[in-house]
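Structure first, commentary second.
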Amino acid sequence: MKKFKNIVVVCLLAFVTLVSGCQSNAESAQVVIYSNADEEAIEIMKKALDSNGFEGEYIIQAFGTSELGGKLLAEGNNIEADVVTMSSFYLDSAQDTSTMFKDLEFDVNTLDEVPSYYAPITAQEGAIIINTEMMKEEGLTTPTSLKDLAKPEYKGYISVTDISSSSTAWLLIQGLITEYGEEEAKEILRGIYDNAGDHIEESGSAPLKKARAGEVAIGFGLRHQAVADKEAGLPIDYVDPSEGTFYLTEGISVVDKGEDTNPKAMEMAECIINEGRKDLLDFYPMALYEGEESSEDVSNVKKFKEHLTVDLLEQHQKLSEESK
């Protein structure tokens, strides 16, 4: 009987040790962050985390928007990530499909109402980008509208992105549809694509890089990147199109894995928002939270009339394909 009791005690101790070890491993496991953010934003997120006690406790994996969006919709709660930073329209669609994100456990005092499961990190604005030296050398007039990009004088001088691979192109298409309606927007897109030729890019930053390198004189890309180049003294300038400056927001969410949810995931999401937004505002000038001020005067900012979803993106991708 005594021997039996000893065996029971040993088994209980082993069980407690095993459970404690599992809990310890869960608490010490690195938080996996999946992100579609630009390099600038990722560096700011790392700085915020490292400066506030989380250095070495996380891994950030970068993805293209379409690739990460596909993973969210296909994998739902089974995704490896604990935290996701992503275009808000993908977060909305993923939540509608899988209810995969937890409600945030910290205050999100935004200027516009947002869902309870994400906090906006940045707003990405579109703009016409020009290489000032090349424009002068080639005797080109500066375009003032998106519609101008379809003018024959710009044939061979333009680079734009393909909406099938980059959401940056959606900013251009939203502007055209808002101002001219879908049918005329398709006609204008045909002219733009014809002018771009082989310079229809997969990456949102490619038009700027080609303008920077002098491969093209004009591009449509992300406004904040052109601003940074101009401030760095490069022969790059930007134009806010007359149709309006449209934008996409990116947000941060915590994946709901039930009992397997990493307890540090919510803490890191809060840290990125509370400690990172000030630096992010230097690169992405649109104010998103109460008490913030835009670091630049962005003219004629507009929001698309319909709620942005993956389904709407697919409709506009089809419109784009019909214009090629």
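The values are calculated or read from the model by the stated rules, or taken from the named source; none is laboratory data. All figures in this text were calculated on a predicted structure; none of them were measured in a lab. Cβ atoms come from the backbone with ideal geometry, glycine included; neighbour counts cover every protein chain shown.
Based on what the data block shows, is Leu234 closer than 30 Å to Lys136 by Cα and aliphatic (A, V, I, L, M)?
Yes; evaluated as a whole, the condition is true for this residue.
Restrict the check to the range 173-190 and report whether at least one residue is among the aliphatic types (A, V, I, L, M), closer than 20 Å to Glu243 by Cα, crowded, with 24+ Cβ neighbours inside 10 Å and touching a His at 6+ places or on another chain (Cβ under 7 Å).
Within the range 173-190, one or more residues are among the aliphatic types (A, V, I, L, M), closer than 20 Å to Glu243 by Cα, crowded, with 24+ Cβ neighbours inside 10 Å and touching a His at 6+ places or on another chain (Cβ under 7 Å).
Could you tell me whether the range 270-290 includes any residue that is surrounded by fewer than 16 Cβ atoms within 10 Å (Cβ to Cβ), of a type in the set (D, E, K, R), over 26 Å from Val310 (Cβ atoms) and touching a Leu at 6+ places or on another chain (Cβ under 8 Å)?
So far as the range 270-290 goes, yes, one or more of its residues are surrounded by fewer than 16 Cβ atoms within 10 Å (Cβ to Cβ), of a type in the set (D, E, K, R), over 26 Å from Val310 (Cβ atoms) and touching a Leu at 6+ places or on another chain (Cβ under 8 Å).
Taking the range 248-296, which residues are among the aromatic types (Phe, Trp, Tyr) and either assigned by TED's automatic domain parsing to the domain that holds Asp82 or within 15 Å of the chain's Cα centre (by Cα) (or both)? Before you say what the answer is, go through the steps one by one.
Here is the first cut: in the range 248-296, the residues among the aromatic types (Phe, Trp, Tyr) are 283-284, 289.
Phe283, Tyr284, listed by residue number.
Answer yes or no: is there a residue in the range 263-276 that is at pLDDT below 95 and over 25 Å from Tyr193 (Cα atoms).
Looking only at the range 263-276, we keep the residues that are at pLDDT below 95, and these are 263.
Retained after the next criterion (residues that are over 25 Å from Tyr193 (Cα atoms)): 263.
Yes, the range 263-276 has at least one match.
Identify all residues within the range 151-165 that are in contact with a strand residue (DSSP E or B) (Cβ under 9 Å, 6 or more places away or on another chain) and surrounded by fewer than 23 Cβ atoms within 10 Å (Cβ to Cβ); write none if there are none. Give the derivation first.
Filtering the range 151-165 for residues in contact with a strand residue (DSSP E or B) (Cβ under 9 Å, 6 or more places away or on another chain) gives 154, 157-162, 165.
Residues satisfying the conditions are Tyr154, Asp162, Ser165.
One line per residue, one yes/no per condition, for (1) in contact with a Lys or Arg (Cβ under 9 Å, 6 or more places away or on another chain); (2) aromatic (Phe, Trp, Tyr); (3) under 21 Å from Asp148 (Cβ atoms):
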| residue | (1), (2), (3) |
| --- | --- |
| Trp170 | no, yes, yes |
| Ile200 | yes, no, yes |
| Pro207 | no, no, yes |
| His224 | no, no, no |
| Asp237 | yes, no, yes |
| Thr249 | no, no, no |
| Pro263 | no, no, no |
| Ala269 | no, no, no |
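Could you check, for the range 221-234, whether at least one of its residues is in contact (Cβ under 8 Å) with a residue 40 or more places away in the chain and under 18 Å from Glu153 (Cβ atoms)?
No, the conditions are met nowhere in the range 221-234.
Being of a type in the set (Asp, Glu) and modelled with pLDDT of 95 or more is the filter here, so list the residues in the range 199-228 that pass it. Before the answer, list the steps.
At the first step, the residues of the range 199-228 found to be of a type in the set (Asp, Glu) are 201-202, 215.
Glu215 - this is the single residue of the range 199-228 that is of a type in the set (Asp, Glu) and modelled with pLDDT of 95 or more.
Among what's in the range 211-238 and is over 21 Å from the mean Cα position of the chain (by Cα) and either of a type in the set (Lys, Arg) or not assigned by TED's automatic domain parsing to the domain that holds Thr132 (or both), pick the residue that is farthest from Asn195 (Cα to Cα).
The extreme case among them is Lys230.
Out of the residues in the range 128-147 meeting the condition of being buried (at least 20 other Cβ atoms within 10 Å of the Cβ) and out of contact with any Gly (no Cβ under 7 Å at 6 or more places or on another chain), tell me which one is nearest to Ile252 (Cα to Cα). Can you show your working first?
Of the residues in the range 128-147, the ones buried (at least 20 other Cβ atoms within 10 Å of the Cβ) are 128-131, 143, 146-147.
Then keep just the ones that are out of contact with any Gly (no Cβ under 7 Å at 6 or more places or on another chain); that gives 128, 130, 143, 147.
Details: Ile128: 28, Ile130: 32, Pro143: 36, Lys147: 34 Å.
The extreme case among them is Ile128.
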